[in-house]
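Colleague: Got a structure here, written out as structure tokens. Questions coming.
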Amino acid sequence: MEIFNVGNNGVNLYLLKSATHNLLLDSGFPGTLHDLGRALRKTNTKISEIDFLVVTHFHPDHAGLVQELKNKSVTFVILDFQVPFIAKMEHQKKRLLESRNYKPLIQTDNRCITLPQSRRFLEELGIHGEIISTKSHSEDGLALVLDSGEAFIGDLLLENMALELKDPKSLQDWEKLKSLGAKSIFPSHSN
Ligand SMILES: [Zn+2]
């Protein structure tokens with residue numbers, strides 16, 4: 001398994017390359033397809049070779065490019081608890097884009113899974129780990145934790161900040177992450 005940061009415009013996007021599949025975590029802002037394509041070049045991956053996309057939460061910097069990627073034949077995998085959060089993000093996306101460039105996120109062709117199904121889904125891709133819900137940054141938040149200890153945490157407060165601020169919701173999320181063995185942390189907005 002290889003992990004690449006193919007981020008752009010201040011957002012880290014992580015490409016997980018197993019022996020058989022490419023999984024992209026977070027999509028980036030709406031209208032940034034070219035930036036993603038450029039960042040992917042260093043990994044010798046084309047956008048059309050991304051098999052699956054999962055987003056850590058429905059904010060425009062993370063989920064703004066979902067439909068554009070689906071149009072390039074990427075399968076979007078959504079957790080069932082994230083579905084109610086699409087509408088608000090679409091509203092923000094529309095405001096960020098000229099309306100002629102706005103492509104609504106089509107909701108009938110996504111692959112919807114539940115948290116207990118996440119391990120089996122990842123196994124299908126040759127990735128060993130699971131997805132958990134993390135609610136401290138946003139109610140639709142998730143983190144992906146690999147059995148080897150890498151944790152992709154989206155916009156959660158880093159642990160030292162959570163401890164310093166004694167933020168109970170963040171600390172709860174960190175407890176969950178730790179119990180799954182999270183050691184190497186991959187955040188969305190710093191290095
Ligand atoms: Zn963000």
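Colleague: Look at the range 83-125 and say how many of its residues are surrounded by 14 or more Cβ atoms within 10 Å (Cβ to Cβ) and acidic (Asp, Glu).
Modeller: Of the residues in the range 83-125, 1 are surrounded by 14 or more Cβ atoms within 10 Å (Cβ to Cβ) and acidic (Asp, Glu).
Colleague: On to the next question. Does any residue of the range 104-118 turn out to be within 16 Å of the ligand (Cβ to nearest atom), polar (S, T, N, Q), at pLDDT 95 or above and touching a strand residue (DSSP E or B) at 6+ places or on another chain (Cβ under 6 Å)?
Modeller: No, the range 104-118 contains no residue that is within 16 Å of the ligand (Cβ to nearest atom), polar (S, T, N, Q), at pLDDT 95 or above and touching a strand residue (DSSP E or B) at 6+ places or on another chain (Cβ under 6 Å).
Colleague: Oh, and also: So, in the range 172-191, exactly how many residues are within 16 Å of the ligand (Cβ to nearest atom) and not polar (S, T, N, Q)?
Modeller: Counting residues in the range 172-191 that are within 16 Å of the ligand (Cβ to nearest atom) and not polar (S, T, N, Q) gives 5.
Colleague: Moving to a separate point now. Can you tell me which residues in the range 136-163 are within 16 Å of the ligand (Cβ to nearest atom), crowded, with 17+ Cβ neighbours inside 10 Å and not aliphatic (A, V, I, L, M)?
Modeller: We begin by selecting, within the range 136-163, every residue within 16 Å of the ligand (Cβ to nearest atom); these are 136-144, 152-158, 161.
Imposing the further condition that a residue be crowded, with 17+ Cβ neighbours inside 10 Å reduces the set to 136-138, 140-144, 152-157.
Those that are within 16 Å of the ligand (Cβ to nearest atom), crowded, with 17+ Cβ neighbours inside 10 Å and not aliphatic (A, V, I, L, M): Ser136, His137, Ser138, Asp140, Gly141, Phe152, Gly154, Asp155.
Colleague: Is the range 116-123 home to any residue that is assigned to a loop (DSSP other than H, G, I, E, B) and out of contact with any helix residue (DSSP H, G or I) (no Cβ under 6 Å at 6 or more places or on another chain)?
Modeller: Looking through the range 116-123, none of the residues is assigned to a loop (DSSP other than H, G, I, E, B) and out of contact with any helix residue (DSSP H, G or I) (no Cβ under 6 Å at 6 or more places or on another chain).
The values are calculated or read from the model by the stated rules, or taken from the named source; none is laboratory data. Every value quoted in this text rests on a predicted model; they were computed, and no experiment measured them. Because the Cβ atoms are built from the backbone with ideal geometry, glycine has one as well, and the counts that use them run over all protein chains shown.
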